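Where a number appears in this text, it was derived from the coordinates with a stated rule and is not lab data. Just so you know, these numbers come straight off a predicted model, no measurement behind them. Positions of Cβ are backbone-derived with ideal geometry, glycine not excepted, and every protein chain shown enters the neighbour counts.
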Amino acid sequence: MVTRLTVTRMIIAATGPLVAPAALAGMLAVAGLALGRVYAGDLAPGLLIGAGIGSVAVSVATRRLPSWAVGPVSVLMLAGYTLLAVRLTAAGGGIDGPLARLTGDALRNGIPRVLTAMIPIEAQPDTVAVPVIATWLTGLAGAELALRARRMLLACLAPTLLYAVVLYAVGPNADATLWQPLSFAGLVAIALTVGTDRPDETPVVLTRVQGAALRARVAAGAAATLALTIGLVAAVGPAVVAGVSRQPADPRRYITPPQLDALDENPLVRLSGWALNPGQHLFDIRLSGAPRPDTRVRLAVLNDYDGVTWRAGATYRTAGRVLGRPAGDADDRAGPVSQQITIAELDGKLVPAAAVPERIDGARVAFDQVTGTVAIPDGLRSGLRYTVVSRVPTVDVNLLPSAGVASGPAIARYVRLGSPAPIDIQQLAERLAEGNATPFSRAQAIELFLSEHYQLTTDAPSGHAYPNLSFFLFGPRAGGGGQRGTSEQFAAAFAVLARLAGLPTRIIVGFRAGPGAVTIRGADALAWPEVLFDRVGWVPFNPLPQPDTQPRPVEEDFTPPPTPSNPPPSSQPPRSAPPTSAAPSGSANAAGAGDGTPPGTVAAETTTGLLLLLGIGVATVVLLRRARRRRRLYTGEPPGRVIGAWLEVLDALRLAGRPPPHHLAVTEIAELAARTALNAPIQPANTPIQPANTPIQPANAPIRAADGPNRAGDSPIRAADDPIRPAVPRIDELAGLVNVVAFTPDGASAAQADQAAAQAAAYVNGLRAGRPWWRRWLWSADPRPLRWAHRRR
């Protein structure tokens with residue numbers, strides 16, 4: 001028995017110093033493999049495993065040296081290994097530059113670029129250097145604790161913490177693997193088992209009584225440990241089991257990816273500038289492979305519309321040379337199309353490339369997987385040259401007639417309009433959707449309508465907000481500039497009408513290109529819409545008119561029926577009933593001559609009396625209306641004064657001939673009031689499409705977002721045809737107070753009521769000043785508001 005124990009101790013003494021470091025190296029290798037699941041290829045996992053094994057091997061090789069010398073030696077080896085990793089990843093990723101610059105950039109930006117990189121991450125200097133250094137330092141700490149301090153539990157804690165950080169960093173971006181955590185736990189058990197034995201210590205000889213007491217204590221400790229383990233399993237087990245199927249958190253959401261500026265978020269506004277400079281040299285492209293004659297190079301994909309501007313709304317993440325496939329594209333894609341692009345005068349961050357890009361060489365880019373567009377965080381520069389390999393999606397036209405449209409939260413953004421569209425645009429969308437049951441037929445109807453009725457021009461002002469689209473669709477053609485625009489207006493009008501018809505749409509900004517070497521200039525820029533069909537993908541449409549075609553006026557196909565109204569008063573006197581006798585009545589003559597008063601005097605007195613009565617009536621109406629206005633605006637509790645100010649605005653709209661429909665909300669009435677102040681025509685709720693004559697914004701007018709500091713609600717309204725008349729303020733703040741009072745009866749203060757009264761009075765006075773002179777004279781003497789107030793009560 002003594003011989004066997006001695007042999008066992010000799011084996012442990014010989015293998016123990018090697019088993020513990022090997023177990024630590026194995027734990028680091030498992031952590032490297034876990035992190036390598038989010039990398040593309042085998043280069044990154046290989047470098048991480050090499051860092052773990054190398055750090056432990058350096059500690060084992062230098063265990064005879066003094067402890068103060070091990071750290072510097074290991075750090076020098078780490079520096080050499082890091083430079084090797086940077087060189088290998090730079091060569092594998094096709095990144096040029098001095099080794100020192102690449103290493104410095106990797107150390108400065110390694111962590112944010114790893115967390116913002118697109119999955120799978122390509123092994124590049126800035127995505128590999130920091131994980132390699134962290135793995136090496138963890139192996140150094142664990143090996144020193146195990147070999148010199150003989151603290152195996154603390155030695156295992158270092159790789160365990162690294163493994164936990166790796167699992168948190170990977171998050172939901174990789175599939176779960178069961179063998180890796182089981183292997184890690186087994187290696188920890190082996191390290192603890194071997195590392196707790198100290199064969200160099202002299203064994204202690206115990207007596208029989210001491211041995212029995214020791215065994216009893218060991219048994220009691222084992223029983224207590226078992227009971228404690230069972231209790232922990234019972235308490236923590238259900239929570240652990242419930243969390244097995246739960247998706248882990250993604251730390252990448254805390255890191256802001258590269259952002260686009262306003263020019264790149266909405267490149268539609270650049271089309272008018274390129275159209276006015278058709279010879280501007282933007283870039284050169286050489287297409288090879290399997291390009292089609294109508295191949296188009298995409299610059300941006302615009303998904304979101306708020307009634308003012310179209311925006312990209314994309315999330316760009318750092319990518320390597322191999323790009324992921326965008327969501328929503330058709331499964332059937334043609335052969336590869338290679339593009340060699342050299343940038344000239346094109347600026348911004350968006351990178352032109354044919355859809356759908358799969359690989360890019362020669363530039364460090366960021367990629368949006370939803371839209372399949374590419375961006376350079378540092379911006380384009382003249383002379384930049386890169387190569388893109390794309391596969392252009394093909395559409396199965398046989399599936400389109402019966403294809404439906406997808407639905408769900410992911411599709412909601414493609415049918416959402418930020419604010420309600422004008423009534424005339426809504427009615428046009430309804431008319432175009434009539435009789436077209438399938439989504440594809442509705443899209444074709446919109447495409448055909450725009451291509452037949454509107455004119456493509458290069459000098460149309462930029463703009464695609466609702467007023468611009470209304471003027472483009474319904475503005476007067478002769479002398480007014482309506483019904484003509486660039487591809488910006490055609491694409492934006494198609495997308496808005498299609499969304500009103502229930503079709504998910506987006507707008508693409510890009511360029512025309514053909515096979516071979518082509519120089520892309522400003523005249524080649526255009527925008528086109530795409531519609532998402534179920535089981536087909538995104539399908540492009542071309543609403544532009546054919547060359548050398550004369551557009552048909554909109555009024556020929558969409559003439560609204562006349563609005564029913566009372567017939568105007570006739571200029572001829574009304575025809576009286578025929579007399580019962582041809583002879584004049586003698587009683588009338590007798591009455592006129594019997595009192596001795598000339599007939600002219602009677603007529604004068606009667607006229608004077610009627611005028612006097614009319615003057616008294618007008619004065620009474622004026623006084624009553626002033627009293628009622630003073631009572632509404634300046635007497636009573638603040639909530640009642642706010643409502644009174646709103647009633648004054650409603651009466652003013654009715655006096656101006658623009659009564660708001662009953663179904664409109666308060667904010668919609670405020671917008672209608674703004675259009676009324678601009679003398680814009682308001683469509684009745686039951687009137688079909690009617691051309692609008694809202695003046696378009698000038699070409700140099702800045703377009704502000706709806707939530708920007710200079711939105712339309714903060715500026716007064718001035719009629720475009722009357723620059724002298726004072727500006728009419730908007731009533732958006734008054735509408736907000738009305739909503740507050742409606743939901744919170746005590747939610748208005750005296751100061752807010754004073755503000756509401758001042759805003760209502762200023763709006764009514766400004767609206768009255770914009771009426772014709774005879775309407776201004778009759779404004780205060782009109783008795784109808786008194787009747788309206790009585791009906792409201």
Calc'd 3J(HN,Hα), the range 524-540, phi into Karplus 6.51 cos²θ - 1.76 cosθ + 1.60 (θ = phi - 60°), Hz, glycine/Pro = x, comes to 8, 7, 7, 10, 9, x, 9, 10, 8, 10, 5, 6, 10, x, 7, 10, x
For I121, other-chain or 5+-apart residues with amide H closer than 5 Å (H placed, Pro excluded) are Y39, A40
In terms of the alpha carbon gyration tensor, root eigenvalues a ≥ b ≥ c, rounded if a/c is under 1.5 and otherwise prolate when a/b exceeds b/c or oblate, the range 41-104 is oblate
Diffing the range 351-363: the Karplus 3J(HN,Hα) column from phi (6.51, -1.76, 1.60, θ = phi - 60°), in whole Hz with x for Gly and Pro, holds 10, x, 6, 6, 7, 10, x, 10, 8, 9, 10, x, 7
For I411 and R771, extending 7 Å from Cα along the Cα-Cβ vector and measuring point to point gives, in nm, a value of 5.1 nm
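What length, rounded to one decimal in nm, is gained on full extension from T635 through to V618, with 0.36 nm per residue of separation minus their alpha-carbon distance?
Roughly 3.7 nm would be gained on extension.
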Checked the range 482-535 against the a/c 1.5 cut and the a/b vs b/c comparison, axes a ≥ b ≥ c from its Cα gyration tensor; verdict oblate
A chain fully extended from L786 to Q426 at 0.36 nm per residue, minus the present Cα-Cα distance, gains in nm 126.1 nm
Dipole check, the range 744-793, charges on Cβ (K,R +1; D,E -1), about Cα centroid: among L786, A753, W774 the Cα furthest to the positive pole belongs to W774
Taking a ≥ b ≥ c as the square roots of the eigenvalues of the Cα gyration tensor, with a/c under 1.5 meaning rounded and otherwise prolate when a/b exceeds b/c and oblate if not, the range 75-179 is oblate
Taking a crude spin-label model, label points 7 Å out from Cα along the C-beta direction, the D534 to D175 distance in nm is 2.9 nm
Residue separation between A665 and T342 times 0.36 nm, minus their alpha-carbon distance, gives in nm 111.0 nm
